[in-house]
Amino acid sequence: MFTGIIQACGALRSTREMGGDRRLEFTTAGLDLDGVKPGDSIAVNGCCLTAVELGAGHFAADVSQESLDRTTLGSLKPGDPVNLEPALTLATPLGGHLVSGHVDGVGEVVDVSPAGRSQRWRFRAPASLARYIAEKGSIAIEGISLTVNQVEGPEFEVNIVPHTAAVTSLGQYRPGQPVNIEVDLLARYLERLLESGHSAASDGVSEALLRRSGFLGG
């Protein structure tokens, strides 16, 4: 698990084909790897990867073809920036929201406009994910924990403060850039609960109750 609070913005260092999969090596840009060992998880642009090699200022991870096809990792080129976050520990402050590192789909940047000292970013999500995105809900974009400000169909907007633009890869992104999206885990679990065979009357949970409580948009 992760928090969506990026701890370093590194870069893809090299790629190597490995029998149908690919080994990606990343520079860590000062990320503290002292407590990380081979087999530990590191989120790269929101994708949970397993570190297989560790060195001074870099690490490598094996990425399956499935992950390469279903995330932005497959299109990375050496030098491209990546957001990095080690796995959550019991001592880690939960400053963002719980992020699994399992990307739900690839969206894209639609527009970036100024909003005071911040920026208003508009993204387009795959249509299949739109129902999970709610105003004032949480979402992870490229591994970054963000709050949704507005939703219009498959498009939604967030505010990016100057600090986030400076310390993550977003500062280098432009409209048309593909991005990894992970929707809020709570939205997934609530959908499963509502679609299950449990009786709303016996469980005390209904769609109307969830909407009144702010768990569902619309």
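None of the figures in this text is laboratory data; all of them are computed from the coordinates on show. Note that the structure is predicted; figures quoted are calculated from it, not measured. Positions of Cβ are generated from backbone atoms using ideal geometry, with glycine treated the same way; all protein chains shown enter the neighbour counts.
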key: Selection from Cys48, Gly79, Gly35, by position along the positive dipole direction of the stretch 8-86 (Cβ)   = Gly79
message = How far apart, in nanometres, would the label points at Glu152 and Tyr189 be if each is projected 7 angstrom from Cα along the Cα-to-Cβ direction?
response = 3.3 nm
task = Apply the Kirkwood formula to the stretch 8-86: the hydrodynamic radius equals the inverse of the mean of 1/r over all pairs of different alpha-carbon atoms; give it in Å with one decimal.
result = 12.3 Å
ask   = Over the chain, one equal point on each Cα, no solvent: what is log10 I(q)/I(0) by the Debye formula at q = 0.11, 0.14, 0.16 Å⁻¹?
value = -0.56, -0.87, -1.09
task = Determine ³J(HN,Hα), in whole Hz, for all residues of the stretch 24-35 in sequence, where each value follows from phi through the Karplus function 6.51 cos²θ - 1.76 cosθ + 1.60 and θ = phi - 60°; x replaces Gly and Pro.
result = 10, 10, 10, 7, 10, 6, x, 4, 6, 9, 4, x
key: Kirkwood Rh, Cα atoms: Rg over Rh of the stretch 105-191   = 0.94
remark   = Projecting the Cα atoms of Leu129, Leu185, Gln172 onto the charge dipole of the stretch 105-191, where Lys and Arg contribute +1 and Asp and Glu -1 at Cβ, the residue farthest towards the positive end is Gln172
ask   = Given H placed on each backbone N at 1.01 Å, which residues far from Gly10 in sequence or on other chains put an amide H within less than 5 Å of it?
value = Val82, Leu84
